[in-house]
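Nothing in this text is a laboratory measurement; each read-out follows from the coordinates by a stated rule. As the structure is a prediction and not an experimental result, all values here were calculated from the model. Every residue, glycine as well, gets a Cβ built from its backbone with ideal geometry; the counts of neighbours run over all protein chains shown.
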Amino acid sequence: MSTEDEDRADALFHALADRTRRDIMRRVLAGEHSVSALAANYDMSFAAVQKHVAVLEKAGLLTKRRNGREQLASGDVAAVRSVASLLLELEQVWRGRIARIDELIAIDQED
Amino acid sequence: MPVTDVQRDLDARTLTIVADFAAPVERVWQVYADPRQLEKVWGPPTYPATVVDHDLRPGGRVTYFMTGPEGDKHAGYWDVTAVDEPRSFAFDDGFADLDFTPNPELPVSKCVYTFAAHDGGTRATFVSTYASAEGLQQVLDMGVIEGASAAIGQIDDLLAA
């Protein structure tokens with residue numbers, strides 16, 4: 001992604017408002033990774049990476065499972081897609097309500 | 001489009017939408033005071049709303065559900081906290097189970113709708129404040145403000161990267 005795309009992603013997605021978290025998403029969408037393997041990619045503490053993973057998990061963008069002492073994370077493509085459909089729906093909800101009030105008012109002014 | 005301004009204040013966890021309507025304040029108020037009108041505007045055409053209870057008084061409750069194309073139902077409620085007819089009203093807006101028991105998993109917002117005479121019509125200000133930054137974030141994440149198609153492009157970029 002270009003810097004501009006990165007910047008737009010920052011503005012658009014607070015759930016993905018962090019480059020590390022987007023990077024984690026790219027990796028876990030490609031396949032399951034242990035949290036410690038993910039942490040090795042970044043110049044930050046394991047705990048910091050674990051926090052990023054928790055934010056993504058809470059947003060429903062990835063799922064974690066335990067395998068012995070390891071925590072394995074994988075991206076949920078369906079969830080990412082459903083965020084997209086919610087985006088459309090909620091955008092329409094806000095704009096649509098106001099447009100419908102406008103129409104409703106216009107109808108009785110024609111009467 | 002009558003929407004004139006959209007603002008978000010992350011620190012105050014507030015979303016403000018301003019719209020101008022070509023009708024007097026009393027007419028815009030009627031949209032909210034009349035459940036049959038409210039249900040015409042509340043749900044999108046693909047998810048029409050049915051208002052069940054409608055008590056637009058302080059302490060009163062408004063409940064509704066929206067019916068999706070598959071017959072799926074999504075319920076919500078307003079707990080009305082203040083009414084100054086026809087100038088403003090305030091309510092807590094939340095999601096509910098189909099028996100209208102509030103769903104605590106989804107964010108509740110405090111809403112204040114204000115209607116003021118403006119340029120021969122009505123300027124409506126819809127303010128929603130979320131109890132937690134997380135709640136606002138959850139709603140912002142879902143794209144209440146940003147353009148949906150641009151956001152979907154971002155997701156596709158993200159998946160393609």
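Descriptive notes on the structure:
- Residue order, fewest to most beta carbons within 10 Å, for A:PHE46, B:PHE65, B:PHE126, B:PHE115: A:PHE46, B:PHE126, B:PHE65, B:PHE115
- Cα→Cβ-extended label distance, 7 Å offset, between B:VAL3 and A:ARG66, nm: 4.4
- Residue by residue along A:26-38, Cβ atoms of other protein chains within 10 Å of the local Cβ number 1 on average.
- For the pair A:ASP23 and B:SER132, a Förster radius of 41 Å applied to the C-beta separation gives a FRET efficiency near 0.95, rounded to the nearest 0.05.
- From least to most packed, judged by other beta carbons within 10 angstrom and beginning with the fewest, A:GLU32, B:GLU105, A:GLU103 follow the order B:GLU105, A:GLU103, A:GLU32.
- Rounded to 0.05, the FRET efficiency of the B:ASN103 and B:THR50 pair, given R0 = 25 Å and the Cβ-Cβ distance, is 0.90.
- Proximity of backbone amide H atoms, modeled 1.01 Å from N, is registered between B:VAL108 and B:ALA131 at under 5 Å, excluding neighbours fewer than 5 places apart on the same chain.
- A:MET44-B:HIS118 pseudo-label distance in nm [points 7 Å out on the Cα-to-Cβ vector]: 4.0
- Candidates B:PRO69, B:PRO86, B:PRO48 compared by Cα position along the dipole of the range B:41-99: farthest toward the positive end lies B:PRO86, with charges placed on Cβ.
- Cut-off under 5 Å, modelled amide H: who pairs with A:LEU62 long-range: A:GLU57, A:ASP76
- Among the listed pairs A:LYS64/B:LYS73; A:LYS51/B:LYS73; A:LYS58/B:LYS73, a Cα-Cα separation exceeding 28 Å is found for A:LYS64/B:LYS73; A:LYS51/B:LYS73.
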